[in-house]
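K.L.:
Before I ask anything, here is the structure I am working with.
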Amino acid sequence: MGRGKIEIKRIENSTNRQVTYSKRRGGIMKKAKELTVLCDAQVSLIMFSSTGKFSEYCSPSTTTKNIFDRYQQASGTSLWNSHYERMQSHLIKLKEENNNLRREIRQRIGEDLDDLEIEELRGLEQNLESSIKVVRERKYHVIQTQTETYKKKLRSLNDEQAKLIRVLEGQAENGAYGLVDNGGPDYESALVLANGGAHSLHDTGFGIHDLRLA
């Protein structure tokens, strides 16, 4: 028995539809290659599945662009006019936006103001005041952040200085590193350094000989 005639209509089941597309795509690709080889024809075939998958075949002796060009010559139609017009329209829109932005920049620096009405000038003034406010707030924030950073560094340095003073005073009491009053400048200089260099030993109420080590 012969095969029954298949009714040509959309296959509702998506799985069956995809399987049928894959099989027939392979068949039409094979036919296109056969036409190229057997008949020396120039063939370009482009397909998109329902899922958007792209497939194509083009005879080795030509390119898809050459096929399009020959089609335009043979049919007297242009495939690119509508695309070119859309590109031109988009380009004009971009140029207009660019000119508006350039004019706004010039106005913000006090140029190109002659054609502005009083309301436009007032609006520009308000925009500039808002911009100044934002810049000033940012400046104060940066200043505050830097101030806090410097305060932390100063506290750290003070802690290091206090720690160094305690270490040197402990060494002086225990006779470490030979800090003995030998009449030389090194002994007094070390003690002055231990006290941060802010005052001499005489300012504390006792002299060098009071700290003489046994």
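K.L.:
If you scan the range 43-74, which residues turn out to be loosely packed, with under 13 Cβ neighbours inside 10 Å, among the aliphatic types (A, V, I, L, M) and part of a strand (DSSP E or B)?
P.N.:
Within the range 43-74, just I46 meets the criteria.
K.L.:
For the range 90-99, does any single residue satisfy the condition of being surrounded by 10 or more Cβ atoms within 10 Å (Cβ to Cβ), modelled with pLDDT of 85 or more and either of a type in the set (S, T, Y) or under 30 Å from V43 (Cβ atoms) (or both)?
P.N.:
No, there is no match, as no residue in the range 90-99 is surrounded by 10 or more Cβ atoms within 10 Å (Cβ to Cβ), modelled with pLDDT of 85 or more and either of a type in the set (S, T, Y) or under 30 Å from V43 (Cβ atoms) (or both).
K.L.:
I've got another one for you. Assigned to a helix (DSSP H, G or I), of a type in the set (K, R) and within 32 Å of the chain's Cα centre (by Cα): is that true of R122 in this structure?
P.N.:
For R122, the condition - assigned to a helix (DSSP H, G or I), of a type in the set (K, R) and within 32 Å of the chain's Cα centre (by Cα) - is not met.
K.L.:
Can I6 be described as surrounded by 10 or more Cβ atoms within 10 Å (Cβ to Cβ), at pLDDT below 90, outside any helix (DSSP H, G or I) and not aromatic (F, W, Y)?
P.N.:
Taking the combined requirement at face value, the residue does not satisfy it.
K.L.:
Can you tell me which residue within the range 101-119, out of those that are charged (D, E, K, R) and not in a helix (DSSP H, G or I), is surrounded by the fewest Cβ atoms within 10 Å (Cβ to Cβ)?
P.N.:
Per the criteria, the residue is D114.
K.L.:
May I pose another question? State whether one or more residues within the range 10-32 are at pLDDT 90 or above and under 20 Å from Y71 (Cα atoms).
P.N.:
Within the range 10-32, one or more residues are at pLDDT 90 or above and under 20 Å from Y71 (Cα atoms).
The values are calculated or read from the model by the stated rules, or taken from the named source; none is laboratory data. What you are looking at is a predicted structure, and each value in this text was computed from that prediction instead of being measured. Please note: Cβ atoms are built from the backbone with ideal geometry, for glycine as well, and neighbour counts cover all protein chains shown.
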